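Just below is one structure, and these are the notes that go with it.
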Amino acid sequence: MHLSISMFARILVNAVLSVSSVAALAPQTAGAIGQLDLAEIFRVGDGMNSEILFGFVSDMDINSTGHVFVADGMVNSIFVFSDSGEFVDVIGSSGSGPGEFQDISGVYIGPADSVYVLDTDLYRLSVFEPRSHRFVYSANVPGVGMSDPARLLGLVDGGFLIVYRSPMSHDLVEAYDRKAVINLVSRNGSVAEEPVIGLPDWNYVSSRHHTLLIPFGPRFKFILGSDGLVYSGLNDIIDIRITTLEGHSQGTVQYDLPAVPVTKRDIDEYIEGMSREARRLILTSVLPENMPAYKAFTVDDRNRVWIQRLGDGGMPTGEWLILNKESDLVATITLPESENLFAIREGKVYGAGKDVSGATYVITYRIDE
């Protein structure tokens, strides 16, 4: 698919997002909470002010010169922007040929700024030249047993770190213990015998006509930190494990939040509009007693964990908790509830959200501490 993209007027907004105060600190919090302000540098993609329109931002990474690489899973392309938000290039399009994609599930900037893109439909990792973004080569990423590659975490000395998951299926429900695992895949396509780490996969229920996720259930998350360690956790509680690539524990980041019970109203709102069979599936399932503690987390280049809290009904709030490796709460920030953060590096925050019209935008902030 050929994409024609015109240059757009860059938006510079100097509005500063103030730091929110914390009403009640958990017992482990030590010292004063630092002041942290975010100043918007640029945003791209909001429907009113941009000629760049995104479908679904599935991933994002930044190279050594500050160029931002945005993976759009809807149009199967990587959009490239300068550190000031100017359009630079677009990599790839929909298709199955060299340099084309069918399902982008990860973009990673590797050594010397080479661009790595995982396509989970094609079971293929494509590599692009750092500056011209010319396609260089691709490598097969095989499935493992009943599990398929689901996400590219990053590059390490031994090869690629790939998240593997088993597909949801009518035939496989309750047939085995479903897990999401990180496998090390070598550059020649061989998969290590033992996974680096694993977590329970999302629970679901199935009938002949429906396969549904269990509402309010825990969701896994894996992050490869800039320190070369793996940060992982289930979002039912704030308990982020830190491990080496050999699986050795390096501690945990924990924070206590009051449990929020799942109410009948929450369940009724969740199943509203579903078919009778789908409602029956949900209502006859074993549902969690409490809401998840957070929506998502990421790790900055100072190895601090940023966690987006959830509110009533399991909806994301605009509050993010920032914890150090000693589990101290060092700061909180308030962002628009729709914004998801992909990277925090060299004093900048990179994310994506939706504006009031529902259009997806990409945004970059400067951290003032």
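The values are calculated or read from the model by the stated rules, or taken from the named source; none is laboratory data. Just so it is clear, the structure is predicted and the values come from calculations on it, not from any experiment. We place every Cβ from the backbone using ideal geometry, glycine too, and count neighbours over all the protein chains shown. In case anyone asks, the SASA skips ligands and DNA or RNA and just uses the protein heavy atoms, side chains included. Shrake-Rupley method; radii C 1.70, N 1.55, O 1.52, S 1.80 Å.
Just check the chain against the gyration tensor rule for me: Cα atoms, a ≥ b ≥ c as the square roots of the eigenvalues, rounded for a/c under 1.5, and otherwise prolate or oblate depending on whether a/b exceeds b/c.
Rounded shape, in that the Cα axes give a/c under 1.5.
Rounded to whole Å, give me the distance from the Cα center of region 278-302 to that of region 120-137.
34 Å
With n ≥ 4 as the cut-off for DSSP H runs, can you work out [θ] at 222 nm for the chain, using -39500 (n - 2.57) per run divided by the number of residues, rounded to the nearest 500?
Estimated from H runs of four or more residues: -1000 deg cm²/dmol.
With a 1.4 Å probe and all protein chains left in place, how much of the accessible area of region 48-139 comes from carbon and sulfur atoms, in whole percent?
It is 51 percent, rounded to a whole number.
Residues of the chain: accessible area per residue at 1.4 Å, in Å²? Spell out each step's value before the answer.
On the way: 17370 Å² over 369 residues.
Ligands and nucleic acids excluded, the figure is 47 Å² per residue.
Which of the peptides 146-153, 193-200 is most tightly packed, and how do the rest follow, judged by the mean count of other Cβ atoms within 10 Å per residue?
Packing proxy ranking, top to bottom: 146-153, 193-200.
So what's the Cα pair-distance distribution over region 199-275, bin width 5 Å, in %?
Taking every Cα pair in region 199-275, the percentages come to 3, 12, 17, 17, 16, 11, 10, 7, 5, 1.
Measure off, as a whole percent, the carbon and sulfur share of the 1.4 Å-probe accessible area of region 239-357, all protein chains present.
49 percent
For the pairs Lys221/Lys325; Lys221/Lys354; Lys179/Lys264; Lys264/Lys354, flag any whose C-alpha to C-alpha distance is greater than 27 Å. It would help to have the intermediate numbers written out before the result.
Numbers: Lys221/Lys325 17 Å; Lys221/Lys354 22 Å; Lys179/Lys264 29 Å; Lys264/Lys354 29 Å.
Pairs exceeding 27 Å: Lys179/Lys264; Lys264/Lys354.
Given Cα pairs under 8 Å that are at least 6 residues apart, what percent is the relative contact order of the chain?
15 percent
Can you list residues whose amide H is under 5 Å from Arg151's amide H, if they're 5+ apart or on another chain and H is modeled 1.01 Å from N?
Residues meeting the criterion, in which the H sits 1.01 Å from N, are Val163.
Arg366 versus Arg265, label points 7 Å from Cα toward the beta carbon: distance in nm?
The modelled label-to-label distance comes out at 4.4 nm.
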